[in-house]
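The values are calculated or read from the model by the stated rules, or taken from the named source; none is laboratory data. Note that this is a predicted model, so its numbers are computed, not measured. Note that we place each Cβ from the backbone using ideal geometry, even for glycine, and neighbour counts take in every protein chain shown. Just the protein is used for accessible areas: all its heavy atoms, side chains included, with ligands, DNA and RNA removed. Shrake-Rupley method; radii C 1.70, N 1.55, O 1.52, S 1.80 Å.
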Amino acid sequence: MAKTTTIGQYLIHRLHEAGLKHVFGIPGDYVLRFYSLLDQSSLKVIGMCTEAGAAFAADAYARVSGLGAVCVTYCVGGLNTLNAVAGAYAEKSPLIVISGAPGRDEQARSPLLHHRVRDFNTQRLMFEKVTVAAVALEDPVTVPAQIDETIATCMRTKRPVYIELPRDMVDQVCAAPVPRRVEPPRSDPLALREALQETTAMLRAAKRPVILAGVEIHRFGLQPALVHLVNRSGYPVAATLLGKSVISEMHPQYLGIYEGAMGREDVRRAVESADCVLIIGAPLTDIDMGIFTAHLDESRVVNAISERITIRHHHFQDVWLGDFIRGLAAARLRRRPKRAAVRKAALAAFRPQPQRPITVRRFFERMNAFLADDSVVIADIGDSLFGAADLTIHRSTEFISPAYYTSMGFAVPAAVGAQFAKPSLRPIVFVGDGAFQMTGQELSIVARHRLNPIVFVLNNKGYATERFILEGPFNDIHEWSYHLIPRVLRAGWGCEVRTEGQLEAALIRARDNTRTFSLINIHLDPLDTSDALARLGKRLAKRAGGGRPKNPRPRR
Ligand SMILES: Cc1ncc(C[n+]2csc(CCOP(=O)(O)OP(=O)(O)O)c2C)c(N)n1
Ligand SMILES: [Mg+2]
């Protein structure tokens, strides 16, 4: 007789088998039965303060470990995750959303059940727009195939999926899981050969080829293949902002972050003067292209992403990115002498001037030397991201930021997810005061589980990014004593920093404070920004009809 299990147990089995050890979320009556199964399983549930925080944490967990999951109740919980799930979709993070739901009988008998919005499909239909698969588990016969296919789609596309579990289905009997093999992606051999021949011919003819690497290299685990290609070819390599750290920034051929005219001038020149640009795994977002300041002539570009490869003006659909990179590494390219084409200015020694007020630029210059081998840098948006873009990350993929979707509030919950995914990493979090006020309460989870991130709140008294696009009172926020939050949480250590001398003292204390978190309130002038943000603001201001604020507004 065929073996059986229950739907709840089947789902847990497959999640565990896919490599998950933790699930983030908040329970509710429609998902409580499944929570009790999770509690008895080898998966550990990490309760968060909000579902948005849980989804951000699960997203970061996915970015670090390859898969993440968030488990919530119907609508009030699920819809709270929607923005974070949309971000995971936009930035290709493999995230599984599991939502409880009213039982099927309940749905039929009493339509006005709590948490219902319009009808019982509303939440699933909303998730259809921000996931690659959205299913409700309603028939025990088809559920095993549904679960298998949905998880496989998540892992294949590196985008979120949604699984709705009505509460009366959790203990329904279904077929037990059978061993299965996940097929690796395949290329059409003829298309692959042709794409490789054309690309190789372009690269061989080029005098100054360059590689531009992006986030998909990390998502699809292709770093070793990229490093092999870079080493064998001798080509210089730049990364996009969303792809920052896909190749170690200590690599001798590494140029820096390319962001059109928004980024460093020497990197822009090196990329744009190349006579062949090999773009690998880098969806060309507006931020990555420096708000359309990039000048990449299509006739010199090979653009390979997971969905297609474009060589000059024509496309290949059936060539898998991994096969393409490995094929190029094996091809007979004309080898270039290895060279770092731009100077690594950022690594210059930093000499603190103790009485000097701290500025954004000096702060990030100092941070370069503070990063250690076990650091994972997590940057929220705003100057936290733009300032951190020029940090030198020691190893590959130890930089996490919502650099394309740019939702505020990502960084603090992401620190929770990243540290659960890889406890040997210590998160270094850069977060704006505005973003901190959105999700900073997730430090409660940091305190509860005795995690030890070092959190720098860039306190510039408001929405500096917006100020540089269009100034107005709507960009001011109420100032908190961020460094006193450890008192409220009865855990952690905090301090405030106004000068370079105080920063030095804070860094020593924070580095040694390994048993709890540290929260450092960096007081900045509201109009002080990184060079990158000033350049971005100027460009965006043209579109928004604003301009740089002339006088600092009085603030309290
Ligand atoms: C969730 C969300 N709401 C609003 C915005 C629009 N927005 C972009 S930057 C910004 C200000 C960010 O302020 P802060 O976190 O203090 O960083 P700063 O710009 O001051 O460095 C806002 C409101 C956003 N990106 N995400
Ligand atoms: Mg701010």
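May I ask which of Lys129/Lys158; Lys21/Lys244; Lys244/Lys461; Lys92/Lys244 have a Cα-Cα span longer than 20 Å here? Pairs exceeding 20 Å: Lys21/Lys244; Lys244/Lys461. When its C-alpha radius of gyration is set against 2.2 N^0.38 Å (N residues), the chain gives a value of 1.00.
Each Lys and Arg adds +1 at its Cβ and each Asp and Glu adds -1 at its Cβ; summed about the Cα centre, region 223-296 shows a dipole of about 200 debye.
So what is the calculated 222 nm ellipticity per residue for the chain, using -39500 (n - 2.57) for each DSSP H run with n of 4 or more, over all residues, to the nearest 500 deg cm²/dmol?
-10500 deg cm²/dmol
When the accessible area of region 210-258 is computed with all protein chains present and a 1.4 Å probe, what percentage of it is carbon and sulfur? Percent of accessible area from carbon and sulfur atoms in region 210-258: 62. Using a probe of 1.4 angstrom and keeping all protein chains present, the accessible surface of the chain works out to 42 square angstrom per residue. Contact order, relative form, for the chain: 13 percent (alpha carbon pairs under 8 Å, 6 or more residues apart, mean separation divided by residue count).
Net charge dipole, the chain: roughly 1740 debye, given to the nearest 20, about the Cα centre with Cβ charges of +1 for Lys and Arg and -1 for Asp and Glu. Peptides 189-195, 443-449, ordered by how many other C-beta atoms sit within 10 Å of their residues on average, highest first, read 443-449, 189-195.
For region 1-78, with all protein chains in place and a probe radius of 1.4 Å, 56% of the accessible heavy-atom surface sits on carbon or sulfur. Residue by residue, region 192-202 carries 3J(HN,Hα) couplings of 4, 4, 5, 4, 5, 4, 5, 5, 4, 4, 5 Hz when phi is fed to the Karplus relation 6.51 cos²θ - 1.76 cosθ + 1.60 (θ = phi - 60°); x denotes Gly or Pro. Couplings 3J(HN,Hα) of region 6-21, computed from phi: 10, 4, x, 5, 4, 4, 4, 4, 5, 5, 5, 4, 6, x, 6, 10 Hz, in residue order, whole Hz [Karplus 6.51 cos²θ - 1.76 cosθ + 1.60, θ = phi - 60°; x for Gly and Pro]. If you sort Tyr89, Tyr235 by accessible surface, 1.4 Å probe, largest first, the order is Tyr89, Tyr235. Accessible surface comparison of Ile454, Ile508, Ile469, probe 1.4 Å, protein chains only, largest first: the order is Ile508, Ile469, Ile454.
On alpha carbon coordinates alone, what is the Rg over Rh value for region 1-107, Rh being the Kirkwood radius? Please report the intermediate quantities before stating the final value.
Working: Rg = 13.7 Å, Rh = 14.0 Å.
Over the Cα atoms of region 1-107, Rg/Rh equals 0.98.
In region 92-181, inverting the average of 1/r over every pair of distinct C-alpha atoms gives 14.0 Å as the Kirkwood radius. Restricted to Cα atoms, region 218-279 shows a radius of gyration and a Dmax of 11.4, 30 angstrom.
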